[in-house]
Amino acid sequence: MAERRDSDSRMLLGRLRDAMAEDSAGQARLNKITHLIASSMGTEVCSIYLFRDEDTLELCATEGLNPEAVHQTRMRIGEGLVGRVARTKRIVNTADAPSAKGFRYMPETGEEIYSSFCGVPVQRLGETLGVLVVQSKNKRDFSADEVYALEVVAMVLAEMTELGAFVGEGAALSARHQQPVMFRGSSAQEGAAEGHVWLHEPRVVVSNPVADDPEVELTRLNDAVEQLRVGVDQMLAGAANGDKDQLEVLEAFRMFANSKGWMRRMEQDIRNGLSAEAAVEKEQSAARTRMSQVTDAYLRDRLHDLDDLSNRLLRILTGQGKETGADMPADPILVARNIGPAELLEYGRSLKGIILEEGSVGSHAAIVARALAIPLVIHAERITTEALNGDHVMVDGDQGIVHLRPEDSVVAAFRDKIAMATQAQERYASIRDKPALTRDGIEVKLYMNAGLMADLPSLEGSGAEGVGLFRTELQFLIRNQMPKRTELAALYSRVMDAAKDKRVVFRTLDIGSDKVLPYMTPQDEPNPALGWRAIRVGLDKPGVLRMQLQALLRAANGRPLTVMFPFIAQYDEYRQAKAEMDKAVERERILGHPLPETLDVGAMLETPSLGFAPQKFFEEVGFLSIGGNDLKQFFFAADRENERVRRRYDTLNVSFLTFLEGIVNRCNSTRTPLSFCGEDAGRPIEALCLAAMGLRNLSMRPASIGPVKSLLRRSNLSEVRQVIVDARERGDQSVRPAIMDYLRSQQA
Ligand code: PEP
Ligand code: MG
């Protein structure tokens, strides 16, 4: 019996394929398909509904319903039984449709006389493209086998839709991947860019969803799975000492690669007439649908793993590697689910923009994108399924919005925005060599943050006074092995060469929390941001710190050197770190190496505790730099990585500004040089308020120097200070509204 069913289903698929091969228009093909399905299933009705826009389905072809209703009957997602299938992505199978929940009577189709209804979603990779429906007059429940056969047919329909087989008149049949789509993600690096899509991992194209000989396909599937298993085992052997997360992923891979259920379902699909790759994709699609429905993070991760594994299997089966032969466009905008920092650096500045489905503001990729000043939008859901290589795309890194295949009106508006930004850049260039001198004669020194050699050219272009923060961890993060002292020394030396006489503040390794080195055993900490990180690691396991200090001293080779330690929470930590520096200097002296002409050693103030450190600390430390990103997260107890709480507390909150003012006062009383190097220093309004609180050195991304300087030069700092003082006296929570009002009144 099973044999016969399989061959029935195969026969239907074979006919479908023949129908597709005929040289007919999209509509004729769809009509033929509904006819074939209805006759093969013995039902009076077979209809295909496809989405015409995000939430409207349209009847696109039917056998049995009133032909005049085609392209006329429409329903919203969730409306009627068809809409219910589309919304829930679940099959509706009922012998008594009129009594089923959600049934909607549509007189134009003459549908009331049909009592049995079976609708299955037409899905590709978890995305619902439409609904396939069969209906009959007699009251019957469609058997599990029939439903299953319909699912297989729906899968082939989805593939064909994707391949553009049904392109015809009307919105529902307009070519997929040609319509404009807007994605609302989050901003991880500001800036606007226009260009063309470059997929980091191009989608595998399945061009033969239907196969003639199941035996051949089963052998192909088994061979490919075997190859996959061997590959995963090799990866596991290679990663035996690797980090825990990676091992966990690989173990999950192995579990799936050996999963009997997974194999059984794919084999059954092949017996029903699918090709090996279509069977893999059908499973992948089901996993994606489940992925969108489960809330448990662990389960989602595992489904993600299964998705990755399916991709690998598809690549083995189709022979399609990452290399598709496509040429990278001249203005590439990278589209990926996620990307590692090393891969991103390989693309380097050739990219105009980056769009990720996942990622986080603090991820390594975001750090690199920021260092390269490439606009980055994260959480652009489903962009990898929608975008095709070469698609026209616009990235709004300020708003976190992406326009894929934008309409002319959007293009025009977006280009205006870019032109305005360019004009502003020109204005900034004209003040590049001028000081950030306020109208009331106070000068604020503006420095830039850096982390890569590639950042250094910006020193000249931005007009920065120097590098206020050189994050050394990027060099550690982008490698698979701990860098050697000689490599580091060479790099630091080149950084100093490039900076010429300008000061560069090197920050020693700041790892832990979100920054995990691939070659260090990760710590299983309940609260990594409050955990073993930065100087805590450096002091507990001083090997790397010592190596780095030596590399810095060698790089200076007699030139002035400035070094600061991250995340100093108490006086003692600074004393111990400084003692390491003194020892390193002493060792160099004994070895007869040149010592720095001057050596300035400071600390980052990133925890509120240091603001209350003993007076002696302030007297002893060479300088302080406020790491506002961390300081703010600890001041408000709001995780800087957590999108939900991150924006809840304003930097211009009166309590925070008052705290900063307290630090300024303490530093002034001991004449301790003070700067601020968190992201807020690069936001003009925030920078203005920081300056009004008494900060005279700000370090920021190079691109921010122009806008910050421009606003400072137009401002009267004592007036701004008065606005803040008044707001504080009034009991305002944030001074932002008052400052905005003041700035507006200045413009008027
Ligand atoms: C900060 O915390 O503000 C800072 C500059 O350091 P990072 O962002 O690298 O933690
Ligand atoms: Mg920090």
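The values are calculated or read from the model by the stated rules, or taken from the named source; none is laboratory data. These numbers come from a predicted model, not from an experiment. Backbone-built Cβ (ideal geometry, glycine too); neighbour counts: all protein chains shown. These area figures cover heavy atoms from the full protein model, side chains too; ligands, DNA and RNA do not enter into them. Shrake-Rupley method; radii C 1.70, N 1.55, O 1.52, S 1.80 Å.
When only the heavy atoms of the protein chains count and the probe is 1.4 Å, how do ASP233, ASP307, ASP327, ASP501 rank by accessible area, highest first?
Numbers: ASP233 70, ASP307 0, ASP327 135, ASP501 155 Å².
Output order, biggest surface exposure first: ASP501, ASP327, ASP233, ASP307.
If exposed means no more than 10 neighbouring beta carbons inside 10 Å and the site is in a DSSP loop, what's the longest run of the chain without any exposed trypsin sites (Lys or Arg not before Pro)?
Values: sites that count: LYS101, LYS322, LYS500, ARG647, ARG648, ARG671.
Longest run free of exposed loop sites: 102-321.
Separation between the ARG575 and ALA144 pseudo-spin-labels, each 7 Å from Cα along Cα→Cβ, expressed in nm?
7.4 nm
Taking the Cα-to-Cβ direction at VAL205 and at ASN66 and moving 7 Å from each Cα, how far apart do the two end points lie in nm?
4.1 nm
Nearest 500 deg cm²/dmol is fine: what mean residue ellipticity at 222 nm does the chain get from its DSSP H runs of n ≥ 4 alone, each adding -39,500 (n - 2.57), divided by its residue count? Each step should come with its number before you reach the end.
Values: 28 runs with 352 residues, N = 748.
Value at 222 nm, helices only, nearest 500: -15000 deg cm²/dmol.
Which of LYS541/LYS578; LYS500/LYS709; LYS445/LYS502; LYS578/LYS616 have a Cα-Cα distance over 20 Å? Show your work: numbers first, answer last.
On the way: LYS541/LYS578 15 Å; LYS500/LYS709 23 Å; LYS445/LYS502 13 Å; LYS578/LYS616 14 Å.
The pairs that break the limit, which is 20 Å between Cα atoms, are LYS500/LYS709.
Order THR607, THR658, most accessible first, counting only protein heavy atoms with a 1.4 angstrom probe.
From most accessible down to least: THR658, THR607.
How many percent of the alpha carbon pairs in region 2-178 exceed a separation of 28 Å? The partial results should precede the final answer.
Numbers: 2225 of 15576 pairs.
Value for region 2-178: 14 percent of Cα pairs lie more than 28 Å apart.
How much of the accessible area of region 2-178, in percent, comes from carbon and sulfur atoms when a 1.4 Å probe is used?
Details: 3450 of 7270 Å².
On region 2-178, the fraction of accessible area on carbon and sulfur atoms equals 47 percent.
Work out the FRET efficiency for SER24 and MET520 from their Cβ-Cβ distance, taking R0 = 60 Å, and round it to the nearest 0.05.
With a Förster radius of 60 Å, E is 0.45.
By how many nm would the segment from ALA454 to ALA424 grow when fully extended, if each residue of separation counts as 0.36 nm and the alpha-carbon distance is taken off?
Details: separation 30, 0.36 × 30 = 10.80 nm, distance 2.36 nm.
Full extension from ALA454 to ALA424 adds 8.4 nm.
Can you give the extra length, in nm with one decimal, that the chain gains between LYS616 and ASN480 once fully stretched, where that is 0.36 nm per residue apart less the Cα-Cα distance?
Details: separation 136, 0.36 × 136 = 48.96 nm, distance 4.15 nm.
Extra length available between LYS616 and ASN480 comes to 44.8 nm.
Just from the alpha-carbon atoms, what are the Rg and Dmax of region 311-459 in angstroms?
18.8, 70
With every protein chain left in place and a probe of 1.4 Å, what is the accessible surface of ASP55, to the nearest 10 Å²?
Surface open to solvent at ASP55 totals about 60 Å².
Which of the chymotrypsin sites (Phe, Trp or Tyr not before Pro) found in region 611-662 are in a DSSP loop and have at most 13 neighbouring Cβ atoms, other than their own, within 10 Å? Walk me through the numbers before you get to the answer.
Values: sites: PHE612, PHE617, PHE618, PHE623, PHE634, PHE635, PHE636, TYR649, PHE656, PHE659; in loops: PHE612, PHE623, TYR649.
Here the chymotrypsin sites (Phe, Trp or Tyr not before Pro) that fit, given the DSSP loop and packing criteria, are PHE612.
Considering only protein heavy atoms, what is the solvent-accessible area of THR318 at a probe of 1.4 Å, reported in Å² to the nearest 10?
In the full protein context, THR318 sits at about 40 Å².
Return the Cα extents of the chain along principal axes one, two and three, sorted largest first, each rounded to a whole Å.
92, 64, 43 Å, listed from the longest principal axis down.
What is the distance, in nm, between label points placed 7 Å from the Cα along the Cα-to-Cβ direction at ASN716 and at THR88?
Taking the simple label geometry, ASN716 and THR88 are separated by 6.8 nm.
Filter the GluC sites (Glu not before Pro) in region 579-676 down to the DSSP loop ones having no more than 13 other Cβ atoms within 10 Å, then list what survives.
Details: sites: GLU580, GLU586, GLU588, GLU597, GLU606, GLU619, GLU620, GLU641, GLU643, GLU661; in loops: GLU597, GLU606, GLU641.
Taking region 579-676 and a limit of 13 other Cβ atoms within 10 Å, the loop GluC sites (Glu not before Pro) found are GLU597.
What number comes out for the charge environment of LEU698, summing +1 per Lys or Arg and -1 per Asp or Glu over other residues with Cβ under 13 Å away? Could you put the intermediate results ahead of the total?
On the way: positive: LYS445, ARG683, ARG696, ARG701, LYS709; negative: GLU443, GLU465, GLU679, ASP680, GLU686.
After counting each charged neighbour, the total is 0.
LYS89: which lysines have alpha carbons under 30 Å from its alpha carbon, excluding same-chain residues fewer than 8 sequence positions away?
Partners within reach: LYS32, LYS101, LYS137, LYS139, LYS260, LYS282.
Which percentage, to the nearest 5, of the DSSP beta bridges contained in the chain is antiparallel? Write out the running numbers ahead of the final one.
On the way: 49 of 86 bridges.
Among the beta bridges of the chain, antiparallel pairing accounts for roughly 55 percent.
From the backbone phi of region 44-60, what are the Karplus-calculated ³J(HN,Hα) couplings (6.51 cos²θ - 1.76 cosθ + 1.60, θ = phi - 60°) in whole Hz, Gly and Pro given as x?
Running phi through 6.51 cos²θ - 1.76 cosθ + 1.60 with θ = phi - 60° gives 6, 10, 9, 10, 10, 10, 10, 5, 9, 8, 3, 10, 10, 9, 10, 5, 9 Hz.
Going by accessible area, probe 1.4 Å, with all protein chains left in place, what is the ranking of PHE506, PHE103, largest first? Could the numbers behind the result be given before it?
Values: PHE506 0, PHE103 60 Å².
Per-residue accessible area, sorted high to low, gives PHE103, PHE506.
Take the alpha carbon gyration tensor of region 575-638, find the square roots of its eigenvalues, order them as a ≥ b ≥ c, and report rounded if a/c is under 1.5; if not, report prolate when a/b exceeds b/c, else oblate.
Working: a/c = 3.15, a/b = 2.49, b/c = 1.26.
The shape class here is prolate.
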